[in-house]
Structures are given as C-alpha cells and as structure tokens.
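Every number in this text was worked out from the coordinates using simple rules, so none of it is lab data. Given the structure is predicted, the values throughout are model-derived calculations rather than measurements. Don't worry about glycine lacking a Cβ; one is built from the backbone with ideal geometry, like all the others, and counts go over all protein chains shown.
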Amino acid sequence: MVHAQIVKCAIATDDVLYTALVDSYVKNGKVGYARTVCDILIEKDVICSTSMISGYMNQGFVEKAKEVFSKTVEKDIVVYNAMIEGYSKSIDTAKKALKFYVDMQRFGFQPNISTFASAIGACSVLTEFKFGQ
C-alpha cells in the first residue's frame, strides 16, 4: 500500500526511499517486486545490491544473486559478506563461499566478524576442518 501511495503521489525517485522499499520487499520474500524497484534506481548502490543478493540467496536463486553481485560497481565488505553467507548454507555452494572469502581479501577487503562466521559455516558444511582452523 505504501509503495502504491508513493507511485500515486508521483514522488521523485529517491535512492534512500527506494532502497528501503527493496529491503522491505526482500524481507517479506517478494524478491521479484524488490528487483523491479531496484531496477528503477538510477544509481544502484551497494545497499540495494546487498538487499537483492540476500533476498535471492534466501529464496535459493543463487545465479540471480551472482548476477546482481557482478553488476555491482562499487563493492564493499557487506556485499561480499552477503555472497559468502548465501553460498555457505549449502554443500553444493559452500566451496564458492570459500572462494569469495579468498577473493574478497585479494581485492583488499579485510574480513570482519560476519565474514568469519559465514566462512566457518561453509567449512562446517564441507567438513573442511583444516581450512576452518
């Protein structure tokens, strides 16, 4: 209803407002609606991208999350963490989580608590004791 009111009142595109809409749709499992709103944004920021990646990963759309990540121009630790967290949940993708963990550091981003938690989760799924250690 709020989104409809925004459109009805012809509110100018605002990155903060539209990113909040994307986040709201993602948290309610409506990633299709979130993607539509995200595509409207003139400058797709890292916050919008991170929300979309998390939403896609939570819904099991790994390839779509990867697509959003690759289109994100200015990446940061949070967008990498979203990918690592998403990949870490399944035995089929956990190795990709570890690859992103390594790649993130190669690109100069220092891991934080969230990064370590997700990487350890991937190690648990894969039973990679040595890498986890």
Any idea what angle helix 94-106 forms with the longest principal axis of the chain, computed on alpha-carbon atoms, 0 to 90 degrees, nearest 10? 80 degrees
Inter-part distance where region 62-77 and region 1-35 are each reduced to a Cα centre, Å: 20 Å
Could you give the angle, 0 to 90 degrees to the nearest 10, between helix 46-59's Cα long axis and the longest principal axis of the Cα atoms of the chain? 70 degrees
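Let's see if you can work this out: charge +1 on each Lys and Arg Cβ, -1 on each Asp and Glu Cβ, no other charges. What is the dipole magnitude of the chain about its Cα centre, in debye to the nearest 20? Intermediate values should be presented prior to the final figure.
Working: 15 positive and 14 negative charges, 79 e Å.
The dipole magnitude comes to about 380 debye.
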Using θ = phi - 60° and the Karplus curve 6.51 cos²θ - 1.76 cosθ + 1.60, what whole-Hz ³J(HN,Hα) does each residue of region 81-90 get, with Gly and Pro shown as x? 4, 4, 5, 4, 4, x, 5, 6, 7, 10
Let me know the whole percent of all Cα-Cα pairs from region 64-133 that are separated by more than 21 Å. 17 percent
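Convex hull volume of the Cα atoms in region 1-74, per residue, in Å³? Display every interim value, and only then the final one.
Numbers: hull volume 5.3 nm³, N = 74.
Residue-normalised Cα hull volume stands at 72 Å³.
How would you rank 63-76, 45-58, highest first, on the average number of other Cβ atoms within 10 Å across their residues? Mind showing how you got there, number by number?
Working: 63-76: 15.4, 45-58: 23.6.
Put in order of decreasing packing, that is 45-58, 63-76.
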Towards the positive end of the charge dipole of region 30-133, with charges on Cβ (+1 Lys, Arg; -1 Asp, Glu), say which of ALA94, GLN59, ILE84 has the farthest Cα. ALA94
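How large is the Rg to Rh ratio of the chain when both quantities use alpha carbon positions and Rh follows Kirkwood? Walk me through the numbers on the way to the answer.
On the way: Rg = 16.1 Å, Rh = 15.4 Å.
Radius of gyration over Kirkwood radius for the chain works out to 1.04.
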